[in-house]
Every structure is written in structure tokens, then in C-alpha cells.
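Remarks on the structure that follows.
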Amino acid sequence: MNAQKKSNNERNTAMKSSHRRSARRLLVVTAAVTAASLVLAACGGSDQAGSSSQPQGSAAAVDEALAKGGTITYWSWTPSAEAQVKAFEKQYPNVKVNYVNAGTGNDHYTKLQNVIKAGSGAPDVAQIEYQALPQFALPGSLVDLREYGFDSLESAYTASTWGAVHAGDGLFGLPQDSGPMALFYNKEVFDKYGLTVPKTWDEFVAAGKKLHQADPKKYITNDTGDAGFATSMIWQAGGKPFTTDGKNVTINLADDGTKKWTGVWNQLVTGGLVASIPGWSDEWFKALGDGTIATLPIGAWMPGVLESSVKAGAGKWRVAPLPTYDGQPATAENGGSAQSVLKQSANPALAAAFVRWLNHGEGVKPFLSSGGFPSTVADLKDPAFVDKKSAYFGGQAANQVLTAAAGTVVKDWSYLPFQLYANSIFGDTVGKSYQAKTDLDPGLKAWQDALVTYGNQQGFQTNS
Amino acid sequence: MADSVALRSRRAWLHRDTKGWIFVGPFLAVFALTFLAPIGYAIYLSLFREQAFFGGTTFVGLANYADVLRDAKFWESFGRVALFLVVQVPVMLVLALLAALAIDSARLHASGFFRIVIFLPYAVPGVVAVLLWGYLYGTNFGLAADLNDLFNTTAIQPLSQHWMLPSIANIVTWEFVGYNMLIFYSALRTVPEELYEAAAIDGAGTWRTVLAVKLPALRGAIVIATIFSIIGSFQLFNEPNILRTLAPNVITTYYTPNMYAYNLSFAGQQFNYSATVALVMGLFTAVIAYVVQLRGSREAL
């Protein structure tokens, strides 16, 4: 709709000037034709767009759009997306959803940023991870779903995921999955080397030392420097390195929480106790299966990944609460995505309806059956979900641990409004500390400096 | 009278002229659209600075160029590909030359087989080749790990800080020796038989023939292959970009100038600065390639 409004304005301006100077008529006509074609382009591909009778920006508009039908495009890489789209189209036969897998993570965001910049070609609905949400929300690329009254859905979601779909006051998506962190550990390795499941990070370090001494080819975990992991660990330690208030961004990667984390993690990095196997590489999956990597502090979505990609680990893995600094339960979110409506959408009401169906309706079921970990309170409390015994986890009701974790996420965390860029240069800065097996603090300082420079270049008032 | 003659000839000239344009037109249109327009757009972009959040676009003149020339990251990446160029290109071209001479010597059994085998890596898609080598380089489960186990050492670390550039050079050499060999080999096939006969009558042995007949005949091909390789080195992207997933801390986002430009625009949304980096790098490449061509052809005379 926005593109249309804008081109209407252009046309009005052009017409005013034609009254002033008839000599410029040709130019004006050209401008009007261009503007008209822009309107056409904005409406292209969708019959419903441009009909002025449609009430805008209300909860009723969503239902009306759904009844009316139309075509929308959805970009996502979630495993359940295809099944969800099929189920949706079955339920609403007059709505056609073009499902596109535009790549995973950064590939997806690169394409999304390009079509947003190009001004056309963006999907109506896109999957956006919580950490990336502010980056798309703040420059105004996403629709504020409060327009459709979605702010009333708050009680359906966990506090941490509900917070994650907000930027400023705006609501820029509905949460799909969540990833409260837990400690996944290989029981076979633990039993063989006489390790006990660590409750504190100090115990975790001690276990790491014991394991690596017993077998230099085994590591308590792997870490080659991963921005998503590092920020989650800082989150759990109570750090708040990023604060955004409108144009003002403050970055402090040496706050108490961050130091608490590096105080523990430096021991592992400098002691060579973490395997230098990058996450998601072929080597990683192999190492998870053969006991090279004994534990993973990671998000609650991991069981699905283990079951599908680490077949050799079946029966060996278990889940425990994430170790903490003082033994009191506390965790952080690690990963997780929302679905958002893009401003470019020609039919935002229908797009919003699809998002609501996905994450606050029948769409949650196909998501759960594909092994997803929900953000919806009702599903997190559902005994069928919570008490489900998992053969992969040796009969453990893994979800009991994971759903309990969802309730102990440390509050008031926020990501940077340019977190994707920040993550992309993590290896350039903090990665150097990992590479040299030295304390991470100087690397974090270098990261902070680079981020302050970038923030200021992009129009923020960035301070450290 | 004189006027009309002049008019007629002018008309004829015009006629001839338009005819020419009609023939050249389609090419020019495509050329302008696909070559000149993108370069023009890049130059246009490089004169502005856009803020991804708040602020908008401002005209900054040549400020981006000044920034690039002062940018330590740019020079680090440039230095890296320059080093790569100075070491890898001669090694690769010498290997290609030796292979071409060996196959051309007619002393090799099954030379057709060797020609195919040496050329084969070039036919493997670059991405696949890098993934394959990345697997061999793996120090936890790959060939490198097996070798380390075999010799009971940890010395073989192809993906570590100091080994990375040679490791990449190895992949690039493997990929492109065959391609360059083919250029040299086809140049050797065009040497007239009479020259060899004359050399033989003059009593030249094999090595003498190589030095006095074959190498001079190859000069043009060597210059061409060198220029291609210089451009290829400066545009190094695929290999480090794919290996980055295996060694994210060794290969920075500005490991090569092309990677720098890519990450500036796609991770940082700094399209203007990225265009400037690309243009500066293009200019450097053009100048160096031109100097090589000038030197190469002058010596040929």
C-alpha cells in the first residue's frame, strides 16, 4: 500500500505543477504516466490489491482479507514450512501461498535486504530470526502488527519470545519457535570418563579439564567463535551489552555479565579445552556422533537436529539444565524465529492472517510434529508435549527439561539493530582471540570498536 | 551544380554511415547495457554515501576513494592477493608449461590420457573442488587428520593461519594448471613443422629446440595466460569464501579485495563503499595487466 500512496503523492505534485507552467506539460505527462505505471506495478500480480473498499489496519480487516482470498508469497527455511503452507491452503482454498525457500540464515537475509532495497520483489511474509528482527524493523521494512490488533495475543507466548518480536514499541512479527538453552550431553562419554553432569560453569570447566586429560582427542564442547552463542552466553550471565533507544545505541562488551562469561570461557579457550570444530560443519555432525564433543550448551530446538543429522548419537544423548554461575536456574534464548509481514506487501491484511494462522492457530501443529520447539505457552504446558519420552534421548522426557528452561530465561535482553552485520564480523575480531587461544576480552573490545564505527556510519549515535 | 554534387556525396556518406551503425547497433546496445551501464552505475554509486538506518544519501565526491586508499583492511587484502599472485602464478604457469611441453614432445606414452587428466580439474565446478579440498584439509577427520595420525604429529594444519594461503594456492593451481596447459599446448600445435625441420637440420637437440623454437613461439600465449592469472588472482573469491565455513577465524571478511567488497555490500549494506573498493581494485588490475601486456609484447618484437 505504501508504494501506492507514495506514487499517488508524486502524481498530485506533478499535477499541481502543470497548472503553473503549461510548457512543462510534456514532462508532467511523462511523470504522470510513470506514476501510473508505478501504481500498476505496485498492484501487479494480486487482484485484491488497490481495492479502496478494504478496511485497513483493524482486526476485522484480517478476517475479511482471509474470506476474500488472494495470493501471497512466503519466504522461510523452517522444515515445517511446506507442510504448513499445504495445510493452510487446504483450510483456505481461495488463498494461494507461494512458498519460497530463499536460503538459510544469511543467504535468506541477503536476498531479503536486496529486494527491500530494490523496492520490489519482497515476499509478503518472511521468517526472521529474533536476533535479526530489529535490523528489519527499525528501518521500517516490516508492518507493525498492532495495526491488526495482534498485541492482544501477548498472553499466548512466553515472555522472552514476545519481547523478541518487539522493536521499540512496535510489534513486528509473531513468534514461531523458541530456543531456551539447555545442556545436551553425551551420557556414554560421561559414564566412560566418570564425569558428573555440571550444575555450575566452574564444574563444567573442571569436567572439561578431566575429560581432555583422560583423552586428548575428546573435548567438553566445541567453539570456534560463534556470535549467536557468545551473545546468548552473555545474556545468561546477565550482561546487557546492547541498548538501543531510538537513534542512540550503546555498546558495552565489557559489562559485568560479559566479564562473568569470559571469566569462565577464557579458561576453556586458553586451555585448548574446546574443540576447534565449527558448528554445522560435516566434522561437527560427525564429532557429535562419535563422542569427540561431549556436551552442547545450545537452544531447545537441538533435539530435532540431533535426531535427523546425528543418527550415530541415538540413545547416547541426554538433556540437563544449562549450568549457571551460582547454581540457580537461569538460561537465555539461543536462536528462534518469528514470521513478519513486509511493508512491501500488496495485501498486508492477508499476510497478517497467514502469520496469525501459522503461529497462533492450526499452523502450530504441523510445526510441532516436525520437531519444532514452540513459543506458545499452551503447547509448552501440554502434557502430551512435555512428558513425551524420546527414544533418541534414551527414554528421557527431554521436553520436561526444555520447557522448564523456557520459564527461566533472563529478562530484558536486546540485540543490536544491526546484529546481522555484527555477527558477520565476529570472526574478524573475537575470532582472532579464539584463533590465538588467548583471552576473549581484547577480541570483544575490537568487536565493540568496529560496531561503534559502523553504527555511527549508518546514522546511529553509537557510544561505548 | 557543384552544390548538388556535394549534397549527393553527403547523402551517400550519410547513407554509408547509417548502414554501419545498423550493423554495429545491436552489439553497441548490448555492450552499453551490460558493460558500460554497470560500470557507470558503480561509478555513480561510489560518489555517494548512504546510511542504512536514519539519514539517507549524501553526495560525498571522492571521499570514498580517499577512504579506500587509507583503509588498512583494503591494503591487507590487497597485499594478500599480491603475495598470492607473485608466488602462485609463476608456479602454476611453470607447471602448465612443463606439462604442455611434455605432451607436445611426442615422447610421452598415452599423451592424450595425460592431457585429459591434467585438464579434468578445470571441468570440476569450482565450488565442488573447494569443498573436496576442504574435506581433505580437515584436521579432525580429513586426510590431514589421517596423515597426522600416521606420523603421530599435529604438524599438518592446512587450515591454520600460516598454511591457509598456500592451501588456497594449492587448490587454485590444481584447478587451473590444465586450463593454462591447454593454452600453451594449442600454441605449440601452431608452430610450423618447417621450423622443427630447420632446427633438426641445424643439429639442434631436444632442449635446444625447446629453448630456440618452442619457447619463443609460446611468448604470446604466456603473456595471455599471465594476464588471465593476474586477473584471476586479484579476483580471488570462491576458494577463500567457501573455506571460510571451515576456518571462520582465519579467513576474515576482508581476506581478499573481492570478499571485502562482497561483505561490505551484503553483510554491511555499504553499497557505495563496496562499489568504490571494486572500482579501485579494477583500476589496479587493469594497470598491472596493461603493464604486463606492454612488457610482454615489447620483448616479443
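Every number here is computed from the coordinates shown, using simple stated rules; none is lab data. Remember, predicted model here, so these are calculated numbers, not experimental data. Quick reminder, even Gly has a Cβ in these numbers, built from the backbone with ideal geometry, and neighbours come from all protein chains shown.
Please arrange B:F31, B:F228 by how many other C-beta atoms lie within 10 Å of their C-beta, fewest to most. Working shown, then result.
Numbers: B:F31 12, B:F228 16.
Ordered by Cβ neighbours within 10 Å, fewest first: B:F31, B:F228.
From the backbone phi of region A:125-140, what are the Karplus-calculated ³J(HN,Hα) couplings (6.51 cos²θ - 1.76 cosθ + 1.60, θ = phi - 60°) in whole Hz, Gly and Pro given as x?
Values per residue, Gly and Pro as x: 10, 9, 6, 9, 5, 4, 5, 9, 4, x, 5, 8, 6, 5, x, x Hz.
State log₁₀ I(q)/I(0) for the protein assembly as shown at q = 0.07 Å⁻¹ as given by the Debye formula over alpha-carbon point scatterers of equal weight, solvent excluded.
Log10 I(q)/I(0), no solvent term: -0.65.
Rounded to the nearest 0.05, what FRET efficiency do B:A72 and B:F27 give with R0 = 35 Å and r taken as the Cβ-Cβ distance? Could you check?
Details: r = 43 Å, r/R0 = 1.22.
Efficiency, rounded to the nearest 0.05: 0.25.
Per DSSP helix of 4 or more residues, -39500 (n - 2.57); summed, then divided by the residues of chain B. What does that give at 222 nm, rounded to the nearest 500?
On the way: 14 runs with 219 residues, N = 301.
After summing the helix terms and dividing by residue count, I get -24000 deg cm²/dmol.
Show me B:20-28, B:233-241 ranked by packing, highest mean number of other Cβ atoms within 10 Å first. It would help to have the intermediate numbers written out before the result.
Details: B:20-28: 10.0, B:233-241: 21.1.
Peptide ranking by packing, descending: B:233-241, B:20-28.
Indicate the gyration tensor shape class of region B:64-300 (rounded, prolate or oblate), computed on the Cα atoms with a ≥ b ≥ c the square roots of the eigenvalues: a/c under 1.5 is rounded; otherwise a/b larger than b/c is prolate and the rest oblate.
Values: a/c = 2.79, a/b = 1.43, b/c = 1.95.
Judged from the Cα gyration tensor, region B:64-300 comes out oblate (a/c at least 1.5, b/c at or above a/b).
Please sort through the DSSP H helices of chain B and keep those with an alpha-carbon extent of at least 24 Å along the long axis and a Kyte-Doolittle average not below 1.0.
Working: long enough: B:2-31 (42 Å, 0.18); B:72-104 (47 Å, 1.66); B:164-189 (38 Å, 0.90); B:215-234 (28 Å, 1.81); B:271-300 (43 Å, 0.92).
Answer set is B:72-104, B:215-234.
Can you list residues whose amide H is under 5 Å from A:A167's amide H, if they're 5+ apart or on another chain and H is modeled 1.01 Å from N?
Here A:F172 satisfy the definition.
Can you tell me which of A:383-390, B:127-134 comes out highest on packing, and rank the rest after it, using the mean Cβ neighbours within 10 Å?
B:127-134, A:383-390
Per the Kirkwood definition applied to all pairs of different Cα atoms, how many angstroms is the hydrodynamic radius of region B:150-191?
For region B:150-191, the Kirkwood estimate is 12.8 Å.
Within 10 Å of each residue's Cβ, count the other Cβ atoms and sort A:V205, B:V250 from fewest upward.
Numbers: A:V205 20, B:V250 23.
Placing the least packed residue first, the sequence is A:V205, B:V250.
Charges at C-beta only: +1 for Lys and Arg, -1 for Asp and Glu. How large is the resulting dipole of the protein assembly as shown about its Cα centre, in Debye rounded to 20? Could you put the intermediate results ahead of the total?
Details: 58 positive and 56 negative charges, 435 e Å.
Charge dipole, the protein assembly as shown, about its Cα centre: 2080 debye, nearest 20.
Go through B:154-164, A:249-259 and give me the packing order, highest mean Cβ count within 10 Å leading. Numbers along the way, then the final one.
Working: B:154-164: 15.6, A:249-259: 19.0.
Top to bottom by mean Cβ count within 10 Å: A:249-259, B:154-164.
Angle between the Cα long axis of helix A:59-68 and the longest principal axis of chain A, 0 to 90 degrees, nearest 10?
80 degrees
Through the Karplus equation 6.51 cos²θ - 1.76 cosθ + 1.60, θ set to phi - 60°, convert the phi angles of region A:107-117 into ³J(HN,Hα) values in whole Hz; use x for Gly and Pro.
Taking θ as phi minus 60°, the curve returns 4, 4, 5, 4, 5, 4, 5, 5, 6, 5, 5 Hz for region A:107-117.
Shielding of A:218-226 by partners, i.e. mean partner chain Cβ atoms within 10 Å per residue?
On the way: counts 0, 0, 0, 0, 1, 0, 5, 2, 1.
That works out to 1 on average.
Once the dipole of the protein assembly as shown is set up with Lys and Arg at +1 and Asp and Glu at -1 on Cβ about the Cα centre, which of B:F35, A:A404, B:G134 lies farthest towards its positive end?
Of the options given, the answer is B:F35.
Just to be sure I understand the model, the point goes 7 Å from the Cα along the line to the Cβ. What's the resulting A:A83 to A:K437 distance in nm?
Result for the modelled spin labels: 4.5 nm.
Could you pull out every one of the lysines with an alpha carbon less than 23 Å from that of A:K365, ignoring same-chain neighbours closer than 8 positions?
A:K86, A:K90, A:K96, A:K381, A:K388, A:K389
Could you list B:F119, B:F266, A:F204 so that the one with the fewest beta carbons within 10 Å of its beta carbon is first and the one with the most is last?
B:F119, B:F266, A:F204
5 Å is the cut-off here: which amide hydrogens, built 1.01 Å from N in the peptide plane, fall below it relative to A:T221, excluding neighbours closer than 5 in sequence?
Close amide H contacts, sequence-distant or interchain: A:A275, A:A294, A:T295.
By how many degrees, 0 to 90 and rounded to 10, does the Cα axis of helix A:25-43 deviate from the longest principal axis of chain A?
50 degrees
Between B:R107 and B:L143, what FRET efficiency comes out of the Förster formula 1/(1 + (r/R0)^6) with R0 = 30 Å and r the beta carbon distance, rounded to 0.05? Could the numbers behind the result be given before it?
On the way: r = 33 Å, r/R0 = 1.11.
Rounded to the nearest 0.05, the efficiency is 0.35.
Taking chain A as the reference, fit the longest principal axis to its C-alpha atoms, fit the long axis of helix A:348-359 to the helix C-alpha atoms, and give the angle between the two in degrees, 0 to 90, nearest 10.
20 degrees
Calculate how many DSSP beta bridges within the protein assembly as shown are antiparallel, expressed in % of all such bridges and rounded to the nearest 5.
Numbers: 31 of 47 bridges.
Of all bridge pairs located within the protein assembly as shown, approximately 65 percent are antiparallel.
For region B:146-301, what relative contact order do you get, as a whole percent, if you take Cα pairs closer than 8 Å and at least 6 residues apart? Present the calculation step by step, with values, prior to reporting the outcome.
On the way: 103 pairs, mean separation 33.1, N = 156.
Once normalised by length, the contact order is 21 percent.
Alpha carbon centre of region A:318-371 versus region A:168-206: separation in Å?
Here the two parts' Cα centres lie 18 Å apart.
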